[in-house]
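Notes for the one structure printed next.
The values are calculated or read from the model by the stated rules, or taken from the named source; none is laboratory data. Please read all numbers here as calculations on a predicted model, not as lab measurements. For neighbour counting, all protein chains shown are included, and Cβ atoms are generated from backbone atoms with ideal geometry for every residue, glycine included.
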Amino acid sequence: MSLLRTCIGNLELERPGMVASGIMDETGDSMMRMIKLGAGAVVTKSVGSVKRDGHVNPSFIEFPFGYLNAMGLPNPGIDDFKDEMMIATKAGTIIASVFASSPKEFSSLAERMEIFGASAVELNLSCPHAKGYGIEMGTDVKMVHKIVSTVKNTVKIPVYAKLTPNTHILADIGKAVQDAGGDAVVAINTLKAMSISPEFAMPVLSNRFGGLSGPALRPIGVRAIYDLRSALEIPLIGVGGICSWRDAAEYIMAGASAFQVGSAIASDINIFKKINKGLECFMKEFGYSSIEKMVGAAHE
């Protein structure tokens, strides 16, 4: 049995690392490539009901400590994404990320993704830079409960909810997901942030605000998973600023059964191979016989 095998409820993965939604996940070929390069699963680009162009440039800024983006959920729409899913699902475990403006729309998208072969669906309830979507719905406890319960009543595949750090009631939102029958919580999405150009006396991003990702986000994500572990019984998936096996181990010991990597892929396409090797070496050295034995170790 592989040391790295892990389970998120009923979904079993040979490796705990996933590609986070938004990078190397727009085409079937790119998703297949990431599976071959060591990812245990790939989360698709967030897909909506219709094609969306997203925000105009500038929409992306690089800092020494991470990235700031306001892409605005660009995607081809659910109909045109079918062919990409059909290619990707032949390679391994594909988790479909969807965004919508109502419980009914979320349900419809999840149902389509299930037909396309998705192993699970991730509800994007946390995008900080798309008006009418994401964070605007994901910080309303009653709305989160309604969305998750509606989707759960529609599909048979596991339903995950990706939550925002931009709230003081994260545990309450997590409980709403759990009470609605959600199978796992994914935390966290990017942190709402902005950058201003002193020379032009105006925000750099066309949308003014964007989402901060990368290494600076990791301590916030680890704290969020730690808090959620204390409040919930359903599995957790950690995401935010993971660049090495040590970063992944932090999330696992905080309470995550699996983790997602996003920004780090941009600078190192082989990041999963390195994380997998590092985790295995660490587990052997410190006597961990499985990922399960590591999950939540920092609480003991």
- On the given criteria, is SER59 out of contact with any helix residue (DSSP H, G or I) (no Cβ under 9 Å at 6 or more places or on another chain), of a type in the set (S, T, N, Q) and either surrounded by fewer than 20 Cβ atoms within 10 Å (Cβ to Cβ) or under 30 Å from ARG208 (Cβ atoms) (or both)? yes
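Run down ALA216, ALA224, ALA193, ALA231 and say which single residue is in contact (Cβ under 8 Å) with a residue 12 or more places away in the chain and within 15 Å of the chain's Cα centre (by Cα). Give the derivation first.
Details: ALA216 fails: within 15 Å of the chain's Cα centre (by Cα); ALA193 fails: within 15 Å of the chain's Cα centre (by Cα); ALA231 fails: within 15 Å of the chain's Cα centre (by Cα).
Selected residue: ALA224, the only one of ALA216, ALA224, ALA193, ALA231 that is in contact (Cβ under 8 Å) with a residue 12 or more places away in the chain and within 15 Å of the chain's Cα centre (by Cα).
Search region 256-289 for residues being among the small types (Gly, Ala, Ser) and over 23 Å from the mean Cα position of the chain (by Cα), and hand back the single one that is farthest from ASP183 (Cα to Cα). Working first, answer last.
Of the residues in region 256-289, the ones among the small types (Gly, Ala, Ser) are 256-258, 262-264, 266-267, 278, 287, 289.
After this cut, where a residue has to be over 23 Å from the mean Cα position of the chain (by Cα) as well, the list is 287, 289.
Numbers: GLY287: 29, SER289: 25 Å.
Of everything passing the filter in region 256-289, GLY287 is farthest from ASP183 (Cα to Cα).
Tally the residues that are under 21 Å from ALA118 (Cα atoms) and without any contact (Cβ under 8 Å) to a residue 12 or more places away in the chain, restricting the search to region 34-90. Please lay out each step first, then the result.
Let us first name the residues in region 34-90 that are under 21 Å from ALA118 (Cα atoms), namely 34-51, 73-90.
The next check asks that each one be without any contact (Cβ under 8 Å) to a residue 12 or more places away in the chain; those that pass are 79.
Counting residues in region 34-90 that are under 21 Å from ALA118 (Cα atoms) and without any contact (Cβ under 8 Å) to a residue 12 or more places away in the chain gives 1.
Here's the yes/no breakdown for (1) of a type in the set (Gly, Ala, Ser); (2) buried (at least 23 other Cβ atoms within 10 Å of the Cβ):
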residue: LEU228; (1), (2): no, yes
residue: GLN260; (1), (2): no, yes
residue: ALA266; (1), (2): yes, no
residue: ILE269; (1), (2): no, no
residue: ILE275; (1), (2): no, yes
- Task: Pick out the one residue from SER97, SER108 that is under 18 Å from ALA184 (Cα atoms), of a type in the set (Ser, Thr, Tyr), at pLDDT 95 or above and not in a loop (DSSP other than H, G, I, E, B).
- Result: SER97
- Query: If VAL151 passes every condition in (1) more than 22 Å from VAL19 (Cα to Cα); (2) assigned to a strand (DSSP E or B); (3) among the aliphatic types (A, V, I, L, M) but one, which one does it miss?
  - Reply: (2)
- Task: Identify the single condition in (1) in contact with a strand residue (DSSP E or B) (Cβ under 8 Å, 6 or more places away or on another chain); (2) closer than 22 Å to GLY9 by Cα that GLY241 does not satisfy, given that it satisfies every other one.
- Result: (2)
- Inspect all residues belonging to region 118-137 and state whether any of them is farther than 23 Å from MET18 by Cα and not in a loop (DSSP other than H, G, I, E, B). yes
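Restricting to region 277-289, give me the number of residues that are hydroxyl-bearing (Ser, Thr, Tyr) and either at pLDDT below 95 or surrounded by 13 or more Cβ atoms within 10 Å (Cβ to Cβ) (or both).
The first filter runs over region 277-289 and keeps only residues hydroxyl-bearing (Ser, Thr, Tyr), leaving 288-289.
Of the ones still in play, those that are also either at pLDDT below 95 or surrounded by 13 or more Cβ atoms within 10 Å (Cβ to Cβ) (or both) are 288.
Residues flagged as hydroxyl-bearing (Ser, Thr, Tyr) and either at pLDDT below 95 or surrounded by 13 or more Cβ atoms within 10 Å (Cβ to Cβ) (or both) within region 277-289 amount to 1.
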- Item | Index of the failed condition, ALA70 passing every other in (1) at pLDDT 95 or above; (2) under 17 Å from ILE23 (Cα atoms) | (1)
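Among the strands (runs of 3 or more DSSP E) contained in region 1-68, which hold 2 or more residues that are over 19 Å from the mean Cα position of the chain (by Cα)? Walk me through it before giving the result.
Numbers: elements: 6-8, 11-13, 17-19, 41-43, 60-63.
Result: 60-63.
Would you check which residues across region 4-29 are crowded, with 18+ Cβ neighbours inside 10 Å and either farther than 29 Å from SER290 by Cα or at pLDDT below 95 (or both) and list them?
Filtering region 4-29 down to residues crowded, with 18+ Cβ neighbours inside 10 Å leaves 4, 6, 8, 11, 13, 15-25, 28.
Of everything in region 4-29, those that are crowded, with 18+ Cβ neighbours inside 10 Å and either farther than 29 Å from SER290 by Cα or at pLDDT below 95 (or both) turn out to be GLY22, ILE23, MET24, ASP25, GLY28.
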- Query: Restricting attention to region 81-89, does a residue exist that is more than 17 Å from the chain's Cα centre (by Cα) and in a strand (DSSP E or B)?
  - Reply: no
- Message: When you scan region 95-105, do you find a residue that is under 19 Å from the mean Cα position of the chain (by Cα), closer than 26 Å to GLU280 by Cα and buried (at least 20 other Cβ atoms within 10 Å of the Cβ), even just one?
- Response: yes
- From SER149, SER230, SER195, which residue is of a type in the set (Gly, Ala, Ser), modelled with pLDDT of 95 or more and closer than 18 Å to VAL98 by Cβ? SER149
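Identify all residues within region 103-116 that are of a type outside the set (Val, Ile, Thr) and without any contact (Cβ under 8 Å) to a residue 12 or more places away in the chain; write none if there are none.
Taking region 103-116 first, the residues of a type outside the set (Val, Ile, Thr) are 103-114, 116.
The answer is none; no residue qualifies.
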